[in-house]
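Right, one structure below, let's go through it.
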Amino acid sequence: MSTAPPVDAPEWDAVRVPRQLGLSPMEVLGTRAGAVIEDPTRGAISFFTPAGTADKAG
């Protein structure tokens with residue numbers, strides 16, 4: 001399960017969470033989750049967001 005970030009976007013942040021923590025939001029959001037990569041070697045899921053998204057949340 002992986003979808004690459006759009007190539008026309010210049011910068012992305014990756015938010016890595018443990019797989020068990022990331023599965024629930026993926027289930028709820030479906031395709032709205034955007035670009036997501038599951039890393040089975042680390043047991044993690046990475047969500048890609050536009051650069052600076054976290055800075056805007058606070």
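The values are calculated or read from the model by the stated rules, or taken from the named source; none is laboratory data. All values reported here derive from a predicted model rather than from experimental measurement. For neighbour counting, all protein chains shown are included, and Cβ atoms are generated from backbone atoms with ideal geometry for every residue, glycine included. When the accessible area is computed, the model is the full protein with side chains, heavy atoms only, and any ligands, DNA or RNA have been set aside. Shrake-Rupley method; radii C 1.70, N 1.55, O 1.52, S 1.80 Å.
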Query - Selected residue (criterion: most open to solvent (accessible area, probe 1.4 Å)) from residues of region 31-50 that are more than 14 Å from TRP12 (Cα to Cα) and at pLDDT 90 or above - result: ARG42
Report summary line: Taking region 14-32 and keeping only residues that are within 20 Å of ASP55 (Cβ to Cβ) and small (Gly, Ala, Ser), one is left with ALA14
